[in-house]
1. In region 334-370, which residues are in a loop (DSSP other than H, G, I, E, B) and within 16 Å of the ligand (Cβ to nearest atom)?
2. Of all the residues that make up region 99-137, how many are closer than 13 Å to Asp151 by Cα and in contact with a Ser or Thr (Cβ under 9 Å, 6 or more places away or on another chain)?
3. If a residue must be assigned to a strand (DSSP E or B) and surrounded by fewer than 17 Cβ atoms within 10 Å (Cβ to Cβ), how many such residues does region 212-227 contain?
4. Where the second residue is open to solvent by 70 Å² or more (accessible area, probe 1.4 Å) and modelled with pLDDT under 90 and the first is closer than 12 Å to Asp2 by Cβ and of a type in the set (Phe, Trp, Tyr) and lies in region 395-416, which pairs have Cβ atoms under 6 Å and are six or more apart or on separate chains?
5. Looking at region 128-139, I want the residues that are free of Cβ contacts under 8 Å to residues at least 12 places away in the same chain and have a partner that is more than 11 Å from the ligand (Cβ to nearest atom) and open to solvent by 90 Å² or more (accessible area, probe 1.4 Å) with Cβ atoms under 6 Å, at least 6 apart or on another chain. Which pairs are those?
6. If you take the residues of region 21-52 that are more than 12 Å from the ligand (Cβ to nearest atom) and acidic (Asp, Glu), which of them is nearest to the chain's Cα centre (by Cα)?
7. Counting only residues that are at pLDDT 95 or above, open to solvent by 30 Å² or more (accessible area, probe 1.4 Å) and not charged (D, E, K, R), how many does region 6-57 have?
8. Quick one: which of Lys409, Lys416 is surrounded by 17 or more Cβ atoms within 10 Å (Cβ to Cβ) and charged (D, E, K, R)?
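The values are calculated or read from the model by the stated rules, or taken from the named source; none is laboratory data. Worth saying up front: this structure is predicted, and the values here are computed from it rather than measured. Virtual Cβ from ideal backbone geometry, glycine too; neighbours counted across all protein chains shown. These area figures cover heavy atoms from the full protein model, side chains too; ligands, DNA and RNA do not enter into them. Shrake-Rupley method; radii C 1.70, N 1.55, O 1.52, S 1.80 Å.
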Amino acid sequence: MDALLIEGPSKLSGKVEVSGSKNSALPLLFASILFDGKVTFENIPRLWDIETTLKLLELMGCRTEWEKEVGRVSVFPEVKTKVAPYDQVKKMRAGILALGPLVAKYGEAKVSLPGGCAIGARPVNYHIEALRKMGVRVEVEEGYIHASVKDKLVGTEILFPEVTVTGTENLLYVGVMAEGTTVLQNSACEPEVVALGEFLKSCGANISGLGTPTITIEGGGLKLPSQPVQIPPDRIEAGTWVSISLATRSPLEINHCDASKMTSVLAAFRQMGAKIEERNQGTTLKVTPAEIYHPLHIETAPYPGFPTDMQAQILTLLCLAQGRSTVVESIFENRFMHVAELRRLGAQIEVNGNVATVEGPVEFQGAPIMATDLRASACLVLAGLTSKGSTRVSRLYHLDRGYQRLDEKLRRLGAKITRVAE
Ligand code: EPU
């Protein structure tokens, strides 16, 4: 595993390009299982989670081609084995996205239960209950979900007890291949869900209500996409760059964004005192940091609320604000693992249940720290860039799962950051 050595505090300048969205690319790649011919994707980010997804598709019998330098992936979906094994799903919980397409297209699937992870238990019971309502027999045995369609997939009304992003995505795949009408209530409004739905619509699916809590799907199958599928920009990476600009007090130009999908995040940064200009129809953000940042009260929530995937980054930034901030994590029960590491750099944060109270401003001092999950890694790099002296961020594996070459992009902006093998 690699580690990052950061000499701070960093002063950055210049322009940075946001890569394609991980959480959009994964469900779109799994959607290729639904087709009988080649599907091509563009703007695919170079991430470990993409490697894992392609490996999973290959283990099922699909052929894949990844032109890494140009970000193009072609999948030839020749599925022979309808299995997503533990070895891959344990590396990436999004492996659960194999369940919906396999059931929808082939009527059967054996998918490893993802198990818990550093941020919470993360059960998949809502996926399973919804599939059962659609006419699927589902047994959980020896760590695997065994699913088989009893007679046929039948559209029905499903009410998700909580908003679930991958749960909604799994039901979109199944709904488009089912007979009759499927209504998903309390479905996720995340842009990544909308992107999957729009792609399915471009292949002939009849779906309405995308981006709202009620999605209606008229089943009826799909036709092969005629164009390469474009992966939208990563709104979480873009938000992470804004936080890097603000924490290092370095004006940056962030390109290839979609500001319209970042409203709650940009509002929070602006409330702290940042100046953020949206240019070129919101595809460029010009960030001007402030001398003094105001404290905030933030609660994570499903889209369009403040995303849990930006919680670690804003928590780190709030350590630099004048006064007391509070951050409530409402989505995952254990997503404050980064706090103990931030404390090693000098952060003053108390966690009580799902509420973190931050006292600022502090001056971070470099120290060895360890990444615990993907977004936690980003916040530790952010803190390292802001710290005086040397910071070593270990267990970089997590960062590489979800950020395309963050260290290379940072180096180009002037950061003193080196990758070393551990
Ligand atoms: N939940 C259940 N049962 C279920 C499904 C969800 O109890 O069957 C609970 C979860 O435990 C959690 C809440 O519902 O408390 C929401 O979880 P959700 O299902 O929405 O999360 P997910 O689909 O597993 C996706 C992203 C995450 C992101 C969350 C929330 C992908 C591949 N992953 O996960 O991304 O944090 O939605 O927005 O889309 C990341 O990129 O770092 C990441 C963790």
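1. Correct list: Asn334, Arg335, Phe336, Gly353, Asn354.
2. Residues in region 99-137 being closer than 13 Å to Asp151 by Cα and in contact with a Ser or Thr (Cβ under 9 Å, 6 or more places away or on another chain): 8 in total.
3. Number satisfying all stated conditions: 2.
4. Once the first residue is closer than 12 Å to Asp2 by Cβ and of a type in the set (Phe, Trp, Tyr) and sits in region 395-416, its partners that are open to solvent by 70 Å² or more (accessible area, probe 1.4 Å) and modelled with pLDDT under 90 give Tyr397/Met1.
5. So the pair list comes out as Val138/Arg132.
6. Per the stated criteria, the residue is Glu51.
7. Of the residues in region 6-57, 5 are at pLDDT 95 or above, open to solvent by 30 Å² or more (accessible area, probe 1.4 Å) and not charged (D, E, K, R).
8. On inspection, the qualifying residue turns out to be Lys409.
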